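Taking it in order: structure first as structure tokens, then the write-up.
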Amino acid sequence: MAGGDRLEAGAELPPLLLDDEEAVAVAVSLRTAATMSITGIAETSLRALSKLEQVLPNRLRRRVNALQTNLEPLRWGTGHATVDAESLAVLSLACRDGEQVRFDYADKSGAETRRLVEPYRLVADGHRWYLVAWDVRREDWRTFRVDRASRPRLAGVRSPPRELPATDAATFVRERLSGGPSNFEVVVVLHASVDEIAAAVHPALGRLEPIDGRSCRLRVRGDRLEWITLRIAMLGVDFTAESPPELGDCPHELGTRLAQASRRNDVEASPGCGPSC
């Protein structure tokens with residue numbers, strides 16, 4: 001018979017065997033989780049981190065302590081934006097199983113309504129959680145802030161899958177938050193490989209597609225071509241515009257505007273001429 005552990009449902013976990021990098025990764029993840037906007041997760045994460053530190057060898061404990069001492073999270077929003085871990089669990093199960101959910105929802109003015117929805121996906125943007133769902137009574141796709149949804153409970157009714165009117169849930173939330181679908185899809189070829197540029201391209205900016213070892217394609221959606229062009233220029237690599245046709249003039253117009261501003265600044269900064277000029 002082959003060796004190893006076999007876990008049955010409900011069995012106790014055997015001791016975990018982690019190498020040095022894995023142990024540090026788990027410790028850092030627990031510390032990061034302690035700063036998230038989920039009610040109760042901080043205490044739970046810190047308890048787990050304390051237990052882990054007790055069994056870490058001294059060399060790893062020093063590395064973890066150094067990271068904890070010199071890591072400061074950038075906090076967004078207020079404590080009122082925290083969500084309940086149990087609510088996330090209920091909504092996650094409903095998304096997975098395709099089951100309807102009931103909850104009370106407060107809008108930004110505080111007015112509450114009762115909702116019956118078919119959850120599709122949960123989307124986290126770093127400091128807030130959103131539920132993308134089909135609103136049964138309003139017969140429309142909606143985005144709900146999870147911190148404004150109280151007492152979510154399974155309704156006991158399964159629903160057939162629905163087609164989301166967006167490429168994915170994150171795109172749907174981004175479009176709703178920006179006030180509607182983006183006006184443009186910009187496609188450019190970046191003269192750098194995906195490996196070279198991936199770290200500079202935030203997922204919220206666009207999607208990278210490899211072409212070869214020296215170039216890749218970037219697709220960006222947005223409402224203003226000038227702003228999209230500026231964001232692409234800030235990546236610090238050469239690029240060639242593919243679409244839309246209107247994009248072709250934007251780099252030239254922005255360059256002209258920036259060059260004129262630079263010349264004006266140079267003139268204003270230079271010493272003034274005296275009477276003999």
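For Ala166, work out the one condition from (1) buried (at least 16 other Cβ atoms within 10 Å of the Cβ); (2) at pLDDT 90 or above it doesn't fulfil.
(2)
Which members of segment 89-102 meet the condition of being in contact with a helix residue (DSSP H, G or I) (Cβ under 8 Å, 6 or more places away or on another chain) and in a strand (DSSP E or B)?
Listed by number, the residues that qualify are Glu99, Gln100, Val101.
Identify, please: which residue in segment 142-174 is assigned to a helix (DSSP H, G or I) and not acidic (Asp, Glu) and is, among those, farthest from Val132 (Cα to Cα)?
Arg148
If you go through segment 35-48 one residue at a time, do you hit one that is of a type in the set (D, E, K, R), at pLDDT below 90 and buried (at least 16 other Cβ atoms within 10 Å of the Cβ)?
No: zero hits.
Can you tell me which residue is farthest from the chain's Cα centre (by Cα) among those in segment 224-239 that are over 16 Å from Glu185 (Cβ atoms) and touching a residue at least 40 places away in the same chain (Cβ under 8 Å)?
Asp238
Could you list, in sequence order, all residues of segment 1-34 that are at pLDDT below 65 and surrounded by 16 or more Cβ atoms within 10 Å (Cβ to Cβ)?
Scanning segment 1-34 gives a single hit, Ala34.
For segment 238-277, name all the residues that are of a type in the set (Ser, Thr, Tyr) and either assigned to a loop (DSSP other than H, G, I, E, B) or modelled with pLDDT under 65 (or both).
Within segment 238-277, Ser270, Ser276 qualify.
I'd like to verify a number: residues in segment 100-117 that are more than 13 Å from Ser150 (Cα to Cα) and modelled with pLDDT of 95 or more, how many?
Looking only at that region, the number is 2.
Within segment 190-223, how many residues are more than 24 Å from Ala124 (Cβ to Cβ), in contact (Cβ under 8 Å) with a residue 40 or more places away in the chain, buried (at least 16 other Cβ atoms within 10 Å of the Cβ) and of a type outside the set (Gly, Ala, Ser)?
2
Kindly indicate whether any position in segment 223-237 is assigned by TED's automatic domain parsing to the domain that holds Ser193, assigned to a strand (DSSP E or B) and in contact with a helix residue (DSSP H, G or I) (Cβ under 9 Å, 6 or more places away or on another chain).
No.
When only residues in segment 101-158 that are over 23 Å from the mean Cα position of the chain (by Cα) and closer than 17 Å to Phe172 by Cβ count, which is surrounded by the fewest Cβ atoms within 10 Å (Cβ to Cβ)?
Only one residue tops the list, namely Glu139.
Looking at Val146, Val187, which one is touching an Asp or Glu at 6+ places or on another chain (Cβ under 9 Å), of a type outside the set (Gly, Ala, Ser), within 18 Å of Leu247 (Cβ to Cβ) and in contact (Cβ under 8 Å) with a residue 12 or more places away in the chain?
Only one candidate passes the filter, namely Val187.
Results for (1) at pLDDT below 75; (2) under 30 Å from Tyr120 (Cβ atoms), shown as yes or no for each residue.
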site	(1), (2)
Pro57	no, no
Arg63	no, no
Glu72	yes, no
Ala85	no, yes
Leu88	no, yes
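Kindly provide the set of residues from segment 211-230 that are of a type in the set (D, E, K, R) and modelled with pLDDT of 85 or more, ordered by number.
Asp212, Arg214, Arg217, Arg219
The values are calculated or read from the model by the stated rules, or taken from the named source; none is laboratory data. Predicted, not measured: the structure shown is a model, and the values here were computed from it. No Cβ is skipped: glycine too gets one built from the backbone with ideal geometry, and neighbour counts run over all protein chains shown.
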